[in-house]
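Since every read-out is calculated from the coordinates, none of them should be taken as a lab result. Only a predicted model underlies this, so the values are computations on that prediction, with no experimental measurement involved. Cβ atoms come from the backbone with ideal geometry, glycine included; neighbour counts cover every protein chain shown.
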Amino acid sequence: MSFDRSLKIAPSILSADFANFGAECEAIEAQGADWVHVDVMDGHFVPNITFGPTTCAAIRPHIKGVMDVHLMIAPVDPYIEAFAQAGADFITAHVEAGPHIHRTLQAIRGAGAKAGVALNPGTPASAVAELMDMVDLVCVMTVNPGFGGQKFIDMTAKVAELRAMIGDRDVHIEIDGGVTPDTAPLVRNAGADVLVAGSAVFKGGSVSNPAPYGDNIRAIRNACA
Ligand code: DX5
Ligand code: ZN
C-alpha cells in the first residue's frame, strides 16, 4: 500500500444492510469506493453495539481494497490481535478509550496492521501531538460517535492544526461523521484525504440497485474537485 494524499472515499457499512455485508462491500467497491470503513461499537465506549472481529473476518474476503476498522470500544488492547487476524489493514483506536494510547498504537503496529488514532469532537488536536511518529492515520470525528446520519460538527480548524502537526510524515487525515457533498470540501481543503461517509453514500441504493451508491460517491468527489 503506497502512501498518497489523493482523495479517498470510505463508505461506512454502518449504513449498509446488516444482513448482507458481503454483497454490500462488493457493491460499494464496484461503484467507486476507495476504502471500506467498518465501525465496531461496544455499547460501553459508545451508546450503540454493532459487531466484532468475527464479522470483520467474514467481511474481509468481500473487500478487494483497504479494510479500515474503526474501534469505538474500551478497552481496546485485548482485541487488537483478533482484529488484525481478521484482516484489518487499518485499526483505529480512540485517544479517549483508555490511559495508554501509546501502548495501544505500539500493539496495533506490532500485530501487523497500520495504526490509527481517533479524536472525539471535544478532544483537542494537542491530545495526539506526542503520537505523530506512531500513527499512519488520524481520524477526526465530526459527530459524537455511536450513530450514523448525524449532523456534521465543523472541525475544520482542528483538521488544519493536525495537518501542520503531521508535516511531511506519511499520515492520513480521515474525517468521520456527517460527510456530504456540502461538508466534504471544507475538510478536504483543510487537509483531509480520507472521507468516511455512511448515510450520504448508501441513501437511495441497495445491493439490487447499486447505481445510486456510485452517484453518491461521485457527488462527494466532484464537490471536492
Ligand atoms: C459514527 C461512525 C461513522 C458514521 C458515519 O459513530 O464512526 O463512521 O457511521 O456515518 P454518517 O456518514 O452517516 O455520519
Ligand atoms: Zn467510523
Output for the range 5-19, where each listed residue is out of contact with any strand residue (DSSP E or B) (no Cβ under 9 Å at 6 or more places or on another chain) and surrounded by 10 or more Cβ atoms within 10 Å (Cβ to Cβ): ALA16, PHE18
message: touching a strand residue (DSSP E or B) at 6+ places or on another chain (Cβ under 8 Å), under 24 Å from LEU105 (Cβ atoms), free of Cβ contacts under 8 Å to residues at least 60 places away in the same chain and crowded, with 16+ Cβ neighbours inside 10 Å: is that true of ALA88 in this structure?
response: yes
query: Which of the residues belonging to the range 40-70 are buried (at least 16 other Cβ atoms within 10 Å of the Cβ), under 19 Å from ASN216 (Cβ atoms) and free of Cβ contacts under 8 Å to residues at least 40 places away in the same chain?
result: ILE63
- prompt: For THR142, are the conditions met, namely being within 16 Å of ligand 2 (Cβ to nearest atom) and polar (S, T, N, Q)?
  reply: yes
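Looking only at the range 12-57, which residues are assigned to a helix (DSSP H, G or I), of a type outside the set (Ser, Thr, Tyr) and more than 16 Å from ligand 1 (Cβ to nearest atom)?
Of all residues in the range 12-57, those assigned to a helix (DSSP H, G or I) come to 13-15, 21-30, 53-57.
Narrowing the set further to residues that are of a type outside the set (Ser, Thr, Tyr) leaves 13-14, 21-30, 53, 56-57.
The answer is GLY22, ALA23, GLU26, ALA27, GLU29, ALA30, PRO53, ALA57.
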task: Under 8 Å between Cβ atoms, at least 6 apart or on separate chains: pull out the pairs that start in the range 197-225 with a residue that is charged (D, E, K, R) and end on any residue that is in a helix (DSSP H, G or I).
output: LYS203/SER15; LYS203/PRO212; LYS203/ASN216
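Pick from the range 187-208 the residues that are assigned to a helix (DSSP H, G or I) and of a type outside the set (Ser, Thr, Tyr): which of them is surrounded by the most Cβ atoms within 10 Å (Cβ to Cβ)?
Narrowing the range 187-208 to residues assigned to a helix (DSSP H, G or I): 187-190, 199-202.
Subset that is of a type outside the set (Ser, Thr, Tyr): 187-190, 200-202.
Working: VAL187: 25, ARG188: 21, ASN189: 12, ALA190: 20, ALA200: 25, VAL201: 32, PHE202: 24.
Step by step, filter the range 187-208, then rank; the result is VAL201.
Please enumerate the residues belonging to the range 193-212 that are away from ligand 2 (no atom under 14 Å from the Cβ) and closer than 17 Å to ASP68 by Cβ. Outline the logic, then answer.
Here is the first cut: in the range 193-212, the residues away from ligand 2 (no atom under 14 Å from the Cβ) are 193, 203-212.
Of everything in the range 193-212, just one residue is away from ligand 2 (no atom under 14 Å from the Cβ) and closer than 17 Å to ASP68 by Cβ, namely ASP193.
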- line: Scanning the range 33-64 residue by residue, the ones that are away from ligand 2 (no atom under 16 Å from the Cβ) and among the charged types (D, E, K, R) total 2
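Do you know which residues across the range 20-46 are of a type in the set (A, V, I, L, M) and in contact with a strand residue (DSSP E or B) (Cβ under 9 Å, 6 or more places away or on another chain)? Working first, answer last.
Pass one, the range 20-46, residues of a type in the set (A, V, I, L, M): 23, 27-28, 30, 33, 36, 38, 40-41, 46.
Within the range 20-46, ALA27, ILE28, ALA33, VAL36, VAL38, VAL40, MET41, VAL46 qualify.
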query: Can you find even one residue in the range 24-32 that is within 14 Å of ligand 2 (Cβ to nearest atom) and touching a residue at least 24 places away in the same chain (Cβ under 8 Å)?
result: no
